[in-house]
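Laboratory data are not the source of any read-out in this text; all were calculated from the coordinates shown. The structure displayed is predicted, hence computed values, not measured ones. Glycine also receives a Cβ, built like all others from the backbone with ideal geometry; neighbour counts cover every protein chain displayed.
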């Protein structure tokens, strides 16, 4: 598939240095539109046979194609990797990241999320790699140095009546706008892969996300000045 790339906090440099970018680019480039469309038609036939009236989207087949390719022995990505242990007393709190792989040049590894979910879930998609990167209680062997996210573009989703996904699915363009706004809670370097509905490889240059951009046109608030004698040492 053809894809666009955005780099956040030096993620592209780190991912290339680890050797992970070329591997992920080859995986995405090996997935064909014909295969994804065939998977969608197969799912539609199955749904129709069961009496369902809704139209099947491409996300189920696309998810499966990516998972099958990454899980092959030659790639060696672990799937549904546990990031936190269950909480004592409740047996809850087991969180996972979609994929994890240890690269020889890194002490920990690369975490990968694949998301074709509702746009409201996009902030959480960004938070998961951050937790695996920074939280103190990450399980042994699951910590990451770099996060990567695979998501569809507006082009992949399709226009109007010809949509290939539900209209509420979040896209690369939306995720791209969130990163500068969430910079205060996203310290992890990341690379975003935005999939287009076309065969091929990377299209266009890497989009280096400027976390210091100010697009609102509004003046920034003046800093709050506090007299030094008003600050108590226990605060």
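Gaussian network model of the chain, Cα springs within a sub-10 Å range: biggest mean-square fluctuation belongs to which of 83, 73, 13?
73
7 Å from Cα along Cα→Cβ at both residue 117 and residue 72: what's the point-to-point distance in nm?
2.8 nm
For the stretch 42-127, what is the largest minus smallest coordinate of the Cα atoms on each principal axis, given in angstrom and ordered from greatest to least?
49, 39, 23
For the stretch 140-185, what is the Kirkwood hydrodynamic radius in Å, using each pair of distinct C-alpha atoms?
Numbers: mean 1/r = 0.0782 Å⁻¹.
One over the average 1/r among Cα pairs gives 12.8 Å for the stretch 140-185.
Under a plain spin-label model, where a point goes 7 Å from the Cα along Cα-to-Cβ, how far apart in nm are residue 177 and residue 124?
2.2 nm
Can you figure out the FRET efficiency of residue 96 with residue 161, using R₀ = 35 Å and their beta-carbon distance, to the nearest 0.05? Could the numbers behind the result be given before it?
Working: r = 36 Å, r/R0 = 1.03.
For R0 = 35 Å, the calculated efficiency reads 0.45.
Which length gain, in nm to one decimal place, applies between residue 50 and residue 63 when the Cα-Cα distance is subtracted from 0.36 nm times their residue separation? List each step's numbers first, then the result.
On the way: separation 13, 0.36 × 13 = 4.68 nm, distance 2.22 nm.
Full-extension gain reported as 2.5 nm.
May I ask you to compute the full-extension gain from residue 13 to residue 140, defined as 0.36 nm times their residue separation minus their alpha-carbon distance, rounded to one decimal in nm?
Working: separation 127, 0.36 × 127 = 45.72 nm, distance 2.54 nm.
In short, 43.2 nm is gained.
Return the inverse of the average 1/r over all pairs of distinct C-alpha atoms in the stretch 70-113, which is the Kirkwood hydrodynamic radius, in Å to one decimal. Spell out each step's value before the answer.
Values: mean 1/r = 0.0859 Å⁻¹.
So the Kirkwood estimate lands at 11.6 Å.
When a/c reaches 1.5 or more, the comparison of a/b and b/c decides; with that in mind, is the stretch 16-83 rounded, prolate or oblate per its Cα gyration tensor? List each step's numbers first, then the result.
Details: a/c = 3.32, a/b = 2.13, b/c = 1.56.
The shape class here is prolate.
Using a Gaussian network model of the chain with C-alpha springs under 10 Å, which one of 95, 184, 197 is most mobile by mean-square fluctuation?
Checking each option, the largest mean-square fluctuation is seen for 184.
Hey, what D do you get for the stretch 104-217 in µm²/s if you plug the Kirkwood alpha-carbon radius into Stokes-Einstein at 25 °C and 0.890 mPa s? List each step's numbers first, then the result.
Working: Rh = 15.4 Å.
In µm²/s, the coefficient rounds to 159.
If each residue of separation counts as 0.36 nm, what is the full-extension length gain between residue 184 and residue 212 once their alpha-carbon separation is subtracted?
Details: separation 28, 0.36 × 28 = 10.08 nm, distance 1.10 nm.
The residue 184-residue 212 span can extend by a further 9.0 nm.
Taking P(r) over Cα pairs in 10 Å bins from 0, in percent straight from the coordinates, which label in (1) 8, 33, 36, 20, 3, 0; (2) 7, 28, 32, 20, 9, 3, 1, 0; (3) 8, 34, 38, 17, 3, 0 is the correct one?
(2)
Rounded to the nearest 0.05, what FRET efficiency do residue 86 and residue 168 have when you use their Cβ-Cβ distance and R0 = 25 Å?
Values: r = 32 Å, r/R0 = 1.26.
That gives a FRET efficiency of 0.20.
With both partners inside the chain, how many of the DSSP beta bridges are antiparallel, as a percent to the nearest 5? All intermediate terms of the calculation are to be shown ahead of the outcome.
Details: 14 of 29 bridges.
In the chain, approximately 50 percent of DSSP beta bridges are antiparallel ones.
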